[in-house]
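Since every read-out is calculated from the coordinates, none of them should be taken as a lab result. Computed from a predicted model, the values in this text were never measured in an experiment. Positions of Cβ are generated from backbone atoms using ideal geometry, with glycine treated the same way; all protein chains shown enter the neighbour counts.
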Amino acid sequence: MMHCSRRGARANRSSKSSNMSTTLPHHTIIPLDFTNLILTQSNKLPHTHTWPHRSYDSPDPSHHPVPVIDLSAPRAVHLIRHACDKFGAFQVTGHGVPVQLLKEVEAEARRLFSLPMGRKILALRSPENMAGYGTAPVSLLCPKGLWSEGFTIAGSVAEHATKLWPAHDESSRFCSVIGEYKKQMELVTKKIITLILTSLGLTNDDVPWMKAEKEAVSEAAVVQLNSYPVCPDPAQAMGMAPHTDSSMVTVLYQGNVAGLQLQSEKGRWVTVPPTEGALVVNLGDLMHILSNGRFRSVLHRALVNGSEHRISVAYFYGSPKGVEVKPAVNLVGEGTSPMYGPVTWKDYLGLKGRHGQKALEMIKTSKVHGMLSVCKMCAMSNVVS
Ligand SMILES: C=C1C[C@]23C[C@@]1(O)CC[C@H]2[C@@]12CCC[C@@](C)(C(=O)O1)[C@H]2[C@@H]3C(=O)O
Ligand SMILES: O=C(O)CCC(=O)C(=O)O
Ligand SMILES: [Fe+2]
C-alpha cells in the first residue's frame, strides 16, 4: 500500500493560474484546473500528480463482495454485525432516500465542478475552516497531488452557493437540492447508526447524544462533493488517497461509475461495485472508538478512469458539537480499561489533519499520557471552525 507521509503544503498546483500562489496563503490547497488542463506531452500527467504505478496492488477478485443489505429486512441487524466485523463497510438498499434525489445531487455537483476555476476559487476553503472548495485535506499528507476536486458543505448551504452563483435562481436550485439531501441523509444515517448499535448489543440510551437537540445534530454532519475528472493515465493517478474517515459513519453515493476500493483484512484492495439506488456505508474512526476497537474503520481510496467523469457524494456523521465520543461502557470488559480516551469530533479532526492515520493510535489509553503534550503542541482544535 502507498503510505502518505507529511510533505510541505503546496500553494498552487493549477497549471493555468500560477499568479495565485503569490496572493493565496501558501498552505491553501487548490486542485488542478481540470477544465483547462493542457498536458505538455501526450497522456503524461504532471509530475506533481504522477503516483508510482499500482501494478503491485491490483484488486483481489476472489474476495467476497461487500454485502448489500436491505435495511427493512428482518435479518438486517445480523447482516450488519457481520459486515462491520469483516469489512467495516456495507451497501444499503431499502434506505428510503429517493433515487431521483440522489441523481439531482449528482447533477448539482457536476454543475458546480464545471464552473470556471475563477468562480470556484471564490468559495475556496480557508485554513481555519473545513468548508468550501479545494483538494481533500488528506492531500496535505500525501507525496503527490490527487486527481480530484472537492467541495465541503458545513453550516449554511446558501453562503456557499451565493459565492459560486451570484444569480439567485442558479444558487437556489443548489440550496434546495442539498437542503433536502441533508434532511434525508440525517434520517437514514440515524437509522443505520441505531442498527449498528443494536448489532453491538447497545441501545440509543448507551449513546445519549443520539437524542441531542436538532440543531446540535445538524452540526454533527458534513456533506462532501467529490469530482474525479477523466484522466489520461489512470494507472498513475490517485483520485482519493487511502484513508479512513474520521466520522462515526459515512454514507456515500457513488453514482454508476466504479472507483471506490476498500482494503480487505488481508491488505488487498476490493472494488465496491456501483449498485443502482444503493448507498455505501463506511465505518469511521469514531465508530471504532465507540465499539472499543471491535469494528474497524475501513481503509479506502478512490481510483480514476480514462473515459468517465466520476462524482461521489459523502455524508459524514460525526458527533454533535462538544460531545466526547468514548468506548461504550458495556463493551469494556470488567476490570479492563477502555482502549481509547474520550475525544470530540472537532479535536479528532484536528489530530487527523496533522497526523493522518497515526491519529487513532495517539488517543489509545495506553499512549495517552505521552501524547497529551503533543496534542497541546499541535493546537489540535484549529482545523475546524
Ligand atoms: C468533516 C471532515 C471529514 C474530512 C475532513 C472534513 O473536515 C471535511 C472533508 C472530509 C474528507 C473527505 C475526503 C477524505 C478525507 C480523509 C479528507 O481529506 O477530507 C475526509 C476527512 C475525514 O474523514 O477525516
Ligand atoms: O469517491 C469515493 O468513492 C470515496 C470518497 C471518500 O472516501 C470520501 O469522501 O471520504
Ligand atoms: Fe472516505
- Message: Going Cα to Cα from Lys44, which lysines come in below 18 Å? Please leave out same-chain ones fewer than 8 positions away.
- Response: Lys16, Lys144
- Query: What FRET efficiency do you get for Ser126 and Ala73 if R0 is 51 Å and r is their Cβ-Cβ distance, rounded to the nearest 0.05?
  - Reply: 0.70
- Message: What does the extension gain come out to for Glu159 and Thr48, with contour length at 0.36 nm per residue minus their alpha carbon separation?
- Response: 36.7 nm
- Message: Along the Cα→Cβ direction, 7 angstrom out, place labels at Ser366 and Asp206. What is the inter-label distance in nm?
- Response: 2.3
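Would you mind working out the magnitude of the charge dipole of the range 66-363 relative to its Cα centre, with +1 at each Lys and Arg C-beta and -1 at each Asp and Glu C-beta, to the nearest 20 Debye?
For the range 66-363, the charge dipole is close to 400 debye.
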- Message: Pairs of alpha-carbon atoms within less than 8 angstrom and 6+ residues apart define the contacts here; what relative contact order does the range 66-363 have, in percent?
- Response: 21
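What does the extension gain come out to for Lys358 and Glu170, with contour length at 0.36 nm per residue minus their alpha carbon separation?
Working: separation 188, 0.36 × 188 = 67.68 nm, distance 4.19 nm.
Working it through step by step, the gained length comes to 63.5 nm.
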- Item | Least to most buried among His63, His300, His47, His78 (fewest other Cβ within 10 Å first) | His47, His78, His63, His300
- Sequence of Trp165, Trp209 once ranked by neighbouring C-beta atoms within 10 Å, starting from the fewest: Trp209, Trp165
- Given a Förster radius of 30 Å and the C-beta distance between Leu39 and Asn256 as r, what FRET efficiency does 1/(1 + (r/R0)^6) yield to the nearest 0.05? 0.65
- Sticking with the crude label model, points 7 Å out along Cα→Cβ, report the distance from Glu276 to Gln100 in nm, one decimal please. 1.7
- Using the alpha-carbon centroid of each, what span in Å lies between the range 64-101 and the range 167-196? 20
- Task: Give the order of Glu149, Glu104 when sorted by the count of other beta carbons within 10 angstrom, beginning with the fewest.
- Result: Glu104, Glu149
- Message: For the range 66-363, compute the orientation-averaged projected area of the C-alpha convex hull (one quarter of its surface), in nm².
- Response: 15.3
- Message: Testing the spin-label approximation: label points 7 Å from Cα along Cα→Cβ at Glu265 and His63. State their distance in nm.
- Response: 1.3
